[in-house]
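One structure is given below, encoded as C-alpha cells.
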Amino acid sequence: MKSINKMKMTIPAVSANEGLARLCVSAFASQLDPRIDEIADIRTAVSEAVTNCIIHAYKGRGGLIYIESLLYPDRITVKIKDKGCGIDDIDKAMEPLFTTGGDDRSGLGFSVMQSFMDSVKVKSGPSEGTTVSMTKILRRADEGNPDER
Amino acid sequence: MTQCYALGTLTVCLDGEIDHHAVRDIREQVDISINRHKPSKVIFDFENVTFMDSSGIGLIMGRYKTLSRYGGIIEIVRMPPYIEKVMKLSGVSKIVKGLDRAKAADKGEQDRKEQ
Ligand SMILES: Nc1ncnc2c1ncn2[C@@H]1O[C@H](COP(=O)(O)OP(=O)(O)OP(=O)(O)O)[C@@H](O)[C@H]1O
Ligand SMILES: [Mg+2]
C-alpha cells in the first residue's frame, strides 16, 4: 500500500521535547480522523519511545532523536530512532517490569507501546543505536464511520 | 501541582501532562513533603491530569516504596478513563487504594467527602 502522507522530524534528546514529539505525531495522525482514544494511544506510545531515547540511549547527555511517520488510509506507522548506546538483549528489555533505570522507572515503557499499538518492532545494536517501529491500525476503517451509517 | 497536608494525609493535586519531564519537579516537591510530614496516607488527585505515561507509574511506585517502609498508604482519586488504561496495565491498582472509587467520582459521586 502506498502512503498518503509523510512526516520527518529531528529533535535534540532533551526532556522538554517529549511533549513536542507526541504533539507533532498526534497532530499528524489527526489527518486520518482517528477516534480520541486512538490518538491518546499514539501519544502515549510516542512518549514512551522518545523518553527511552533521552533516558537510556543518551543517558541524559543529549543527542538527536529521529522521528519518521507515514500515514496510510487505515493506519499510521511511527519510527523513532536514536544513535545511542543500543540494547544488548532486546527480548529481555521488552519484558514487563524489566528496567535498568533504577527506582524511578517502572520498566513498563515497552509494555505500554505493545498494548497501545498494533505492532512494535525493535532493532538495536551496541554501536548502531536503537530503532523502534510501531504501527497503529485505526479501527474507524473497519467499524465504519457513524456519519456514513 | 498543589499539595496540602492535614491530619496525617498529604493530598497532591496533579495537573497537566505527567511525563518524564514533568515528573522530575513533582517528585522533588512531593518527596520534600513526605520527608517533612511522614504522612500516613498520600492521596494523588488526578482530576486535572490530561496525559500520563509510564513515568507517572514510576512516580507512584516510587512513593509507594517510601511510604510502605513505615506503613503509609497511597490512594488515587478522580482518575480520568484515558489514564486509567495506563494504570491498569501497570498493576498499580493492587498496591494503591481508590482506583474503583475514582470511577464513582467520574459519575459525579463525591465519595471522598464521605470519609
Ligand atoms: N532507546 C533505548 N536505548 C537503549 N536502551 C533502551 C532504549 N529503550 C529501552 N532501553 C532499555 O530497555 C529497558 C526497558 O525499557 P522500558 O521503556 O520498557 O522501561 P524503562 O524505560 O526502564 O521504565 P519506564 O518506561 O516504565 O519508565 C530500559 O530500562 C533500558 O535498559
Ligand atoms: Mg521507558
Exercise. Around A:K79, with a cut-off of 10 angstrom between Cβ atoms, what is the net charge of the other residues, counting Lys and Arg +1 and Asp and Glu -1?
Worked result: +3
Exercise. Once phi is turned into θ = phi - 60°, what whole-Hz ³J(HN,Hα) does the Karplus curve with 6.51, -1.76 and 1.60 give for every residue of segment B:19-30, x standing for Gly and Pro?
Worked result: 10, 4, 5, 6, 5, 4, 5, 4, 4, 4, 5, 5
For this session: Taking the Cβ of B:N35 as the centre, find all other residues whose Cβ is under 15 Å away and add up their charges (Lys, Arg: +1; Asp, Glu: -1).
Result: +4
Seminar exercise, completed: Other residues with Cβ under 11 Å from the Cβ of B:C13 give, with Lys and Arg +1 and Asp and Glu -1, a net charge of -2
Exercise. So, with +1 on the Cβ of K and R and -1 on the Cβ of D and E, and no other charges, what is the size of the charge dipole of segment B:2-114 about its Cα centre, to the nearest 20 debye?
Worked result: 540
Seminar exercise, completed: Stokes-Einstein, Kirkwood over Cα pairs, segment B:2-114, 25 °C, 0.890 mPa s; D in µm²/s equals 175
Problem set entry | Check: the protein assembly as shown dipole with +1 on Lys, Arg Cβ and -1 on Asp, Glu Cβ, in debye | 440
Seminar exercise, completed: Extend 7 Å from the Cα of A:C85 along its Cα-to-C-beta direction; within segment B:12-35, residues with backbone N under 17 Å of that point are none
Exercise. Along segment A:105-117, what does the Karplus equation 6.51 cos²θ - 1.76 cosθ + 1.60 (θ = phi - 60°) give for ³J(HN,Hα), rounded to whole Hz, x for Gly and Pro?
Worked result: 10, 9, x, 10, x, 5, 5, 5, 4, 5, 8, 8, 10
Exercise. Rounded to the nearest 5, what is the percent of antiparallel bridges among the DSSP beta bridges in the protein assembly as shown?
Worked result: 70
Seminar exercise, completed: Shielding of B:43-56 by other chains, given as the mean Cβ count within 10 Å, works out to 4
Problem set entry | Per-residue HN-Hα couplings for segment A:118-124 [Karplus 6.51, -1.76, 1.60; θ = phi - 60°; Hz; x = Gly/Pro] | 8, 8, 9, 10, 10, 10, 7
Problem set entry | At most 14 other Cβ within 10 Å, DSSP loop - GluC sites (Glu not before Pro), segment A:1-61 | none
For this session: Please pull out the direction-averaged projected area of the protein assembly as shown, using the convex hull of its alpha-carbon atoms, in nm² to one decimal place.
Result: 15.6
For this session: Classify chain A as rounded, prolate or oblate from the Cα gyration tensor: take a ≥ b ≥ c as the square roots of its eigenvalues, call it rounded if a/c is under 1.5, otherwise prolate when a/b beats b/c and oblate if not.
Result: prolate
Exercise. For a paramagnetic label modelled at 7 Å from the Cα of A:M1 toward its Cβ, which residues of segment A:77-100 fall within the zone defined by backbone nitrogen distances under 14 Å?
Worked result: A:77-78
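Read-outs: derived from the displayed coordinates by stated rules, not from any lab. Everything numeric in this text was worked out from a predicted model, so none of it was measured. Virtual Cβ from ideal backbone geometry, glycine too; neighbours counted across all protein chains shown.
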